[in-house]
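The values are calculated or read from the model by the stated rules, or taken from the named source; none is laboratory data. Bear in mind the structure is a predicted one, so any value in this text is a computation, not a measurement. Quick reminder, even Gly has a Cβ in these numbers, built from the backbone with ideal geometry, and neighbours come from all protein chains shown.
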Amino acid sequence: MTNPYDIYIKTDIETASPLKQIIMLYDKAIVSLKQAVEDIKNNRIKDKVENIHKATDIILALDAALDLEKGGEIAKNLKDLYNFAYNKLLEAHAKNDTELINDIIEILETLRSAWEEIESKS
């Protein structure tokens, strides 16, 4: 049986503007990383792995969606930030480093805020 909440979320994503979809991806990555921090603190290794995997998948998707020709310097800078975040998450994962994960959360929250500001002006 299909969960009504899952249907709502799927519809919400499918009908959202491209900017809103980007913001939603940031939200999911941030929530996953915050949960990974809690997983590390509570020694829930399997859950930590799943949450970091979700976040890295989102970062890779955001990176893959960049159009370096149309986006110019901004797209290049975002690509550098995504690569940095991805590599640091791999390091944090290997070391169970919650501080490093929190640093990545802060970067993602800053980027999310910038996208939200762009959306509010469009």
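Summary of values
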item: Any chance D80 is surrounded by fewer than 16 Cβ atoms within 10 Å (Cβ to Cβ), of a type in the set (D, E, K, R) and assigned to a helix (DSSP H, G or I); result: yes
item: Members of region 91-104 that are farther than 15 Å from L62 by Cβ and in contact (Cβ under 8 Å) with a residue 12 or more places away in the chain; result: A92, H93, N96, T98, L100, I101, N102, D103
item: Any chance I22 is at pLDDT 95 or above, in contact with a helix residue (DSSP H, G or I) (Cβ under 7 Å, 6 or more places away or on another chain) and aliphatic (A, V, I, L, M); result: no
item: Residue within region 79-87 that is within 15 Å of the chain's Cα centre (by Cα) and of a type in the set (G, A, S) present; result: yes
item: Test: residue in region 91-110 that is part of a helix (DSSP H, G or I), more than 24 Å from Q35 (Cβ to Cβ), in contact with a helix residue (DSSP H, G or I) (Cβ under 9 Å, 6 or more places away or on another chain) and among the acidic types (D, E); result: no
item: Residue tally, condition touching a helix residue (DSSP H, G or I) at 6+ places or on another chain (Cβ under 7 Å), in a helix (DSSP H, G or I) and among the aliphatic types (A, V, I, L, M), over region 63-77; result: 2
item: Flag for K70 being touching a Ser or Thr at 6+ places or on another chain (Cβ under 8 Å) and surrounded by fewer than 15 Cβ atoms within 10 Å (Cβ to Cβ); result: no
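Per-residue answers, yes or no, for (1) touching a residue at least 24 places away in the same chain (Cβ under 8 Å); (2) surrounded by 15 or more Cβ atoms within 10 Å (Cβ to Cβ); (3) closer than 21 Å to F84 by Cα; (4) out of contact with any Asp or Glu (no Cβ under 7 Å at 6 or more places or on another chain):
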| residue | (1), (2), (3), (4) |
| --- | --- |
| I22 | yes, yes, yes, yes |
| S32 | yes, yes, yes, yes |
| A36 | yes, yes, yes, yes |
| I40 | yes, yes, no, yes |
| R44 | no, yes, no, yes |
| T56 | yes, yes, yes, yes |
| A61 | yes, no, yes, yes |
